[in-house]
Amino acid sequence: MRIEREIEIRASSAIAEALGVESAAMIRPTQNEAHGDYQVNGLLPLAKRLGKPPRELAQPVAEVLKKDAMFSAAEVAGPGFINLRLHPRWVSEQTCAMIADRARLGVPRAEPSQRVVVDYSSPNVAKQMHVGHLRSTILGDALCRMLRFVGHEVVADNHLGDWGTQFGLLIVGMRRWGDEAALQASPIDELERVYRLASAEAKQNETFAEEARHELAKLQEGDANNRAIWQRFVAATRESLEGVYRRLDVHFDVWMGESAYHDMLPGVVQELLERGLARLDEGAVCVFFSEQDAAPAELKRLETPFIIRKKDGAYLYSTSDIATLFYRRDTWNTQRAIYVVDVRQSLHFQQLFALAELLGLSMRLEHVGFGTILGGDGKPLKTRDGGTVTLSSLLDEAEERARARIGEQGLEIAPEALDEAARIIGIGAVKYADLRQNRLSDYRFDWDKMISFQGNAGPYLQYAYARLSSIFRKGEIDVEALWTGASQQGSFELEDHAETQALAKHLLRFADLLHQATESLQPHLVCDHLYQLARLFSAFYEACPILKAEGGLRHSRLSLAALAGAQLRLGLSLLGIGVVERM
Ligand code: ARG
């Protein structure tokens, strides 16, 4: 159940009953739990509307809410809001209901379900995937998982950069400097080596540059030979990417790179010209937002022209992104498209979305931007010798460090389970460190904070989960029976004890939280919730011993623990992070 919604409904009807007016109640969790659990805020604007003192309006509404079995207290506070406290009996019932709903733990599906495309990872062909694409990959994957869980139909799309000027350079470069054996053995390294040589050469040798442009044009016109060479570059890159995605447990429904839209590009430019949205400017075709009469003021502020065809006839990143919009609308009936791309591409997306509006595309478009990963020196992360950090070397290091920390911490992991545990903990730590940030900020990559069994870090949460699981093992508890038993009404009553109530109420907020995080595309809200969960659980566990308790008390504490474990595990899985049962 989404509690805030439920309270909203009840409080709105209390307003109607007490005051005889229709008005939204506006619910928020209280800042300070000493005052209650939720707050009704809607009376302040209502008082303004009616020209009455807000506290005077709030009092009779609070009286109605006091009679509702959901609350144990409803008190007017401050300038005229109402603080509500959930009734312990209601908390018990809802906790039971969450356990009974084993697959979804009480999280309702979004209505209506939408068709959502998530465009993420999207690295460039013939290049190593570097840390810049790590954030897109991790964030995009978490968003896909969250969106799917709340009930949307998601198309996870890897929009590879596989169609730029680099291919002309690579084709002539390979001819001149290519080493077939090296290309076989380690294709991306070889492609990067040749690319460096070729782009340097093109800068100082016009004939070479001309040759590269010629080969690019041939490729784009469909020349069989060049297509075959390009295919090889793409296939080799894809193989190496797939290795990284496998380690990260990241999956795509489609891989539709820029090349997939090539044939649509002339039509796109044509259409924009015909509709008067673009015009020729010194040989190039551009959209000038400041010239669009119909455009709202904020579009006019986009002064920089959006170039969609260069003077030499070449198409751009922008052109293929416009074609992609049409494709996604027509092929998948997309209602919402989410682009998980570095915040430095903001202008590109503002222009693209502004154009979509001018085109009348009724799709909700969002740029999920993110900041840069910094090294210890506060500058973009680099290797010791100043090179770019590749993703696979970073993941290797994460696993190694996790293995070392497992040893230092003296965790009990069987030798045969060590590799798998180091992988789950190391990769989980990297993902969590990224996801817990407010995505728009840059953050410092700090191995020690990241791979930590204390504080707000992935391993701490995984450890909390493992400790929780061990309770059931130690007590030889039939967990299945706990789950199935909960579906019987009133199968337990939680004690009215501060730590127990605090934990239960936190667990009850999961549905609201998940819907809010998914709506606002902010996985860090899920991280915060889970971190808080782990802390509240350990406070509860200290105050309320589980296995030493008896009878009904033991049963209710065990049930609450089972729910906490399940929610922690589910929450982590929605972030793409695994758990280890024993450590
Ligand atoms: N390949 C691009 C890059 O590496 C990202 C593409 C993002 N997706 C998009 N539809 N523009 O910067």
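The numbers here are math on the coordinates, done by the rules we state, and not lab data. Remember, it's a predicted structure, so these values are computed and weren't measured experimentally. FYI the Cβ positions are ideal-geometry reconstructions off the backbone, even for glycines, and counts take in every protein chain you see.
Hey, fewest Cβ within 10 Å first, where do M146, M256, M363 land in order? Don't skip to the answer; put the middle values down first.
Working: M146 25, M256 22, M363 18.
Listing M146, M256, M363 from fewest to most nearby Cβ atoms yields M363, M256, M146.
Measuring between their Cα centroids, the stretch 423-470 and the stretch 352-389 lie 22 Å from each other.
Simple point charges give the picture: +1 on the Cβ of Lys and Arg, -1 on the Cβ of Asp and Glu, and for the chain a dipole about the Cα centre of about 980 debye. Once the Cα atoms are used to define both axes, helix 3-19 deviates from the longest principal axis of the chain by about 60 degrees. Here K505 is the anchor, and the lysines within straight C-alpha reach of less than 26 Å, apart from those fewer than 8 places off in the same chain, are K66, K67, K548. Here's the list of aspartates and glutamates a cross-link from K474 could span, going by alpha-carbon distance under 18 Å and ignoring same-chain residues fewer than 8 apart: E412, E542, E550, E581.
DSSP bridge analysis restricted to the chain gives an antiparallel fraction near 55%, rounded to the nearest 5. Ordered by the count of other Cβ atoms within 10 Å of each Cβ, fewest first, C544, C144, C96 give C544, C96, C144.
In a DSSP loop and with at most 15 other Cβ atoms within 10 Å, the GluC sites (Glu not before Pro) in the stretch 420-504 are E476. In the chain, a dipole from Cβ-located charges (positive for Lys and Arg, negative for Asp and Glu) runs towards its positive end, and of G161, P53, G369 it is P53 whose Cα lies farthest in that direction.
So what's the convex hull volume per residue for the Cα atoms of the stretch 523-570, in Å³? Don't jump to the answer; show the numbers that get you there.
Details: hull volume 2.6 nm³, N = 48.
Enclosed volume per residue, from the Cα hull, is 55 Å³.
For the stretch 243-256, putting each phi into the Karplus relation 6.51 cos²θ - 1.76 cosθ + 1.60 with θ = phi - 60° gives couplings of x, 5, 4, 4, 5, 7, 6, 10, 9, 10, 7, 9, 10, 10 Hz, in residue order, rounded to whole numbers and with x for Gly and Pro. Max-minus-min Cα coordinates of the stretch 442-546 on each principal axis give 48, 33, 27 Å, with the largest extent listed first.
Rg over Rh of the stretch 1-80, using C-alpha atoms and the Kirkwood radius, what does it come to?
On the way: Rg = 11.6 Å, Rh = 12.5 Å.
Ratio of gyration radius to Kirkwood radius for the stretch 1-80: 0.93.
Fewest neighbouring Cβ atoms within 10 Å first, the residues K431, K218, K67, K505 line up as K67, K218, K505, K431.
As a quick test, which of the pairs K127/K310; K203/K311; K203/K382; K127/K449 have an alpha carbon distance above 22 angstrom in this structure? In this structure, K127/K310; K203/K382; K127/K449 exceed 22 Å between Cα atoms. Can you pull the percent of Cα pairs in the stretch 202-331 with separation above 24 Å? So the portion of pairs separated by more than 24 Å is 48 percent. Each part gets one Cα centre, and for the stretch 497-547 versus the stretch 550-576 those centres are 11 Å apart.
Axis angle, to the nearest 10 degrees, between helix 265-274 and the longest C-alpha principal axis of the chain: 80 degrees.
A cut-off of 5 Å between modelled amide H atoms, ignoring neighbours fewer than 5 places along the same chain, links H87 with F71, S72. The alpha-carbon atoms of the stretch 340-405 define a convex hull whose volume equals 134 cubic angstrom per residue. Toward the positive end of the charge dipole of the stretch 464-537, with +1 on the Cβ of Lys and Arg and -1 on the Cβ of Asp and Glu, the farthest Cα among L503, C527, T484 is that of C527.
Give the average over all directions of the projected area of the C-alpha convex hull of the chain, one decimal, in nm². Let's see the in-between values first.
Working: hull surface 129.7 nm².
Spelled out: convex hull of the Cα atoms, projected over all directions, averaged, 32.4 nm².
Modelled spin-label separation between N333 and K548, with each label point placed 7 Å from Cα along the Cα-to-Cβ direction: 6.0 nm. Each pair of Cα atoms in the stretch 47-126 enters the Kirkwood radius, and Stokes-Einstein at 25 °C and 0.890 mPa s then converts it into a translational diffusion coefficient of 144 µm²/s.
Relative to the compact-globule estimate of 2.2 N^0.38 Å, the Cα radius of gyration of the stretch 13-148 comes out at 1.56.
A Stokes-Einstein calculation at 20 °C with viscosity 1.002 mPa s, built on the Kirkwood radius of the stretch 396-477 over Cα pairs, returns a diffusion coefficient of 160 µm²/s.
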